[in-house]
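The values are calculated or read from the model by the stated rules, or taken from the named source; none is laboratory data. What you see is a predicted model, and the numbers here were worked out from it, not measured in a lab. Heads up, the Cβs are rebuilt from the backbone with ideal geometry, glycines too, and the neighbour counts pull from every protein chain shown. We work out accessible area using only protein heavy atoms, side chains counted, and drop any ligands, DNA or RNA first. Shrake-Rupley method; radii C 1.70, N 1.55, O 1.52, S 1.80 Å.
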Amino acid sequence: MKAKTILIVLIVTGLTAYYIYTPVPDPVQQKWKVMLVNAFYRSVQNVAEFAEMFHLKHYMHVMRWVTDAQYVLAITDENITVTDTIFSGVPVRVYVPKRKTKKLRRAIIYIHGGGFSTASAEMKGYDILSRTTATALDAVIVSINYRLAPEHRFPAQFEDAYAVAKYFLQDQILHQYSVDPNRIGVSGDSAGGNLATAVAQECWKTHLSFLLSWLLYFKDFDSPEKEIKQYV
């Protein structure tokens, strides 16, 4: 009986280790933490696939459980005033530094990632990123909550991001936030990087130009290590 129990424990341990282990490129620190996070997301994906297979819930609605759980309120602190508002019908979260200055500030329009179907500007990670960027650059950050698929098919996401950009670039809005019209950038990660690129291109067509900065490569441990290293 004891030998059988040990055998079962070894099998379960081996299968668990096999499920969790994922090759991670050498430059990445805290590899086991990365592996655990990756295994967690794969587990949620498996639950989502099961739910959709049996018509219990849409795949992306299950995936949103992870991002929705990371929601944080728009809380103003000693450095940044944070406000949830609407720009041209689109929800945005705006971060304005409290530091006194006689100069016009720079600004960044930020577009979150999430495969066009998950995440939001209200997630803890994006909130921290916006606060840190606003403080470090003494910049106004406009973080966009665009509509998500599958309820809203593409190009709804682009239309929302572009609408916010056009609204924010109006002279009266720039004056309201004390922003220098020559120091405005648009940035995003993953799907947000895609949207940032498209928004910048569309604005250039209409002579509303600004700096473009984006992160298209987010997480990929399945590609050959030599291909990943150049992005790490």
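Just to be sure I understand, how many residues within region 59-83 are in a loop (DSSP other than H, G, I, E, B) and either open to solvent by 90 Å² or more (accessible area, probe 1.4 Å) or over 25 Å from T135 (Cβ atoms) (or both)?
Total satisfying the criteria: 4.
May I ask you to say which residue of I173, I86 is open to solvent by 30 Å² or more (accessible area, probe 1.4 Å), among the β-branched types (V, I, T) and either assigned to a strand (DSSP E or B) or over 30 Å from H61 (Cβ atoms) (or both)?
After ruling out the rest, the residue left standing is I86.
Quick one: K102 ticks every box in (1) in a strand (DSSP E or B); (2) open to solvent by 30 Å² or more (accessible area, probe 1.4 Å) bar one, so which box is it?
(1)
Taking into account only those residues within region 34-82 that are at pLDDT 90 or above and of a type in the set (S, T, N, Q), which is farthest from R99 (Cα to Cα)?
Of everything passing the filter in region 34-82, Q70 is farthest from R99 (Cα to Cα).
This table checks each residue for (1) within 23 Å of R105 (Cα to Cα); (2) of a type in the set (K, R); (3) touching a residue at least 24 places away in the same chain (Cβ under 8 Å).
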{"residue": "K124", "(1), (2), (3)": "no, yes, yes"}
{"residue": "T133", "(1), (2), (3)": "yes, no, yes"}
{"residue": "A139", "(1), (2), (3)": "yes, no, yes"}
{"residue": "Q157", "(1), (2), (3)": "no, no, yes"}
{"residue": "Y162", "(1), (2), (3)": "yes, no, yes"}
{"residue": "K166", "(1), (2), (3)": "yes, yes, yes"}
{"residue": "H175", "(1), (2), (3)": "yes, no, no"}
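I need the full set of residues from region 113-157 which are among the small types (G, A, S), closer than 21 Å to D180 by Cβ and assigned to a helix (DSSP H, G or I), in order please.
Those that are among the small types (G, A, S), closer than 21 Å to D180 by Cβ and assigned to a helix (DSSP H, G or I): S130, A134, A136.
Filter region 192-210 for residues that are open to solvent by 10 Å² or more (accessible area, probe 1.4 Å) and in a helix (DSSP H, G or I); which is modelled with the lowest pLDDT?
Here the answer is K205.
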